[in-house]
Amino acid sequence: MTRLYRALGRLALVMALVLLSARAEAHPSPFSYIDIDIRSDGVYGSLVVHILDLAHDLSLSPQEQLLDKLVLAQQANRIEQLLAPRLRIRVGAVTEPQWTAIEPLPDQQAVKLTFVLHATQAGSVAVQPAMFPYDPLHQSFVNIYEAGTLRQQFVFAPGSSERTFFAGSTQGVLAVIAMFVPSGVQHILIGPDHILFLIGLLLLGGGWRALVRIVTAFTIGHSITLSLAALEVVTPPARLIEPAIALSIVFVGADNLVRGGGRDVRAWIALVFGLVHGFGFANVLREFGLPTEALGWSLFSFNVGVEIGQLAIVLVVASALAAIRQRSESIGNQVAYAGSLVVIAAGSYWFVQRVFFPAGL
C-alpha cells in the first residue's frame, strides 16, 4: 500500500510539472510593461505587450503575424482602440492617450506602442492598468520617470487599486495638498466617533480661552500619533485602537456628569485621548496609500484637513451651546446633562460592537 501511495504521489508530481510547463510554453510572458515619463510639456510613455495576449484579444492567428510591420500597421487602429481604455492613466482631467507610434519587437515576441498625454506641468499621474483581463495571472509593470530619471515602480495584478505618483515639483506639492486636505476634512466630518468625542468635550461650555486649550490639546495629541503611525514608528492594530476610541467617548461623557464644579481637566483629556484618536486617523490615512515621494506633504496636508474639519465642528457646536446658555443657563445645563448621557450611550455601544463584533477592523 505504501508503494502504491508513493507511485501515485510521483504521478501527481509529474502531471503537475507537465501542466506547469505547458502553461509556461503556452504563455511564456504573462506581463505588460509600461514606462511613463513626466516632462514639462506633457506625459510621455510606452507600452510593451506580448503578441500572444494581443493576438488572443484581437482573435488573430497565427500570433507571429503581429511581428510583420505591414500587418501591424493594418491592425494599428484596432490595437489602439483595444488598449486605450485598459491603459488607465490619468493626468488631471486628461485620460485619453494620443498614440504616436507602433512597432514590432521580434526579439521579445512583443509589440511596442508609444503615446503622450498632453498635460503641461503635470503634478501627479494616477495609474491602474488592466491590460488583458482574460488572463488571471497577467501583471503590468509600471516605471515612472521624471525628465528621464526613474522615480517609482509599481506592479499591477487583476484587482489592484489605483496608484498615484506625485511629481517632485511645485505642481506635485499642490497636487498632494489638493488630494489630502479634502480627505482629512472628509474623514473628520464623516467620523461620528471623532465628532461625538469633540461634542462631549464642548458640552460644559466655558470661555473661548478654555475651548482653544481643548482644541489645541486634541490637535497636539492626534498629530503626534498620526505622524508616528503614518511613518510606521508605532503601529498598534485597529482592533485595539477602535475600542479605545469608543472608551474615550465614554470617559468624556462620564467626566461631564461627575466633575460638577471641580477643576476643568478637559484639555488634559483631549491631549491624552487625542493620542488614541491619532492612531485612528492614521489607519484611514494608510488606506489612501501614502506616496513615498511626498510623504511629508501628504501627512501634513491630511492633518491640516483634519484640523479644518475639527474647527468647523467646534465653531458650530460651541456657538450653538453658547447661544443656549445665554438664553437660559438652566436649559444649557440640561442640554449638557442629556448630551453627556447620549455620549456615554453611544460610546458604550461602539465599545461593545468593536470588542465583540469587530467585523472589518
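The values are calculated or read from the model by the stated rules, or taken from the named source; none is laboratory data. Since this is a predicted model, take the numbers as computed values, not measurements. Heavy atoms of the whole protein, side chains included, go into the accessibility calculation; ligands, DNA and RNA do not. Shrake-Rupley method; radii C 1.70, N 1.55, O 1.52, S 1.80 Å.
Accessible surface area normalised per residue over region 133-220 is 48 Å², counting heavy atoms of protein chains with a 1.4 Å rolling probe.
Against the main long axis of the alpha-carbon atoms of the chain, helix 238-259 sits at an angle near 10°. The long axis of helix 295-327 is offset from the longest Cα principal axis of the chain by roughly 30 degrees. Between Arg239 and Ala320, the contour length at 0.36 nm per residue exceeds the Cα-Cα span by 25.7 nm. The phi-based Karplus calculation (6.51 cos²θ - 1.76 cosθ + 1.60; θ = phi - 60°) puts the 3J(HN,Hα) values of region 333-347 at 5, 5, 4, 5, 5, 5, x, 5, 5, 5, 4, 4, 4, 5, x Hz, whole numbers, x for Gly and Pro. Relative to one another, the C-alpha centroids of region 45-80 and region 309-361 are positioned 63 Å apart. Building the convex hull from the alpha-carbon atoms of region 81-168 and averaging its projection over directions returns 6.5 nm².
Against the longest alpha carbon principal axis of the chain, how many degrees, from 0 to 90 and to the nearest 10, is the axis of helix 266-288 turned? Roughly 10 degrees, rounded to the nearest 10. Expressed as a whole percent, the accessible surface of region 43-137 that belongs to carbon and sulfur atoms is 50, based on a 1.4 Å probe.
Principal axis analysis of the Cα atoms in the chain yields extents of 88, 72, 31 Å, listed in decreasing size. Pairwise over distinct Cα atoms, reciprocal of the mean inverse distance: report the Kirkwood radius of region 254-353 in Å, one decimal place. It works out to 16.5 Å.
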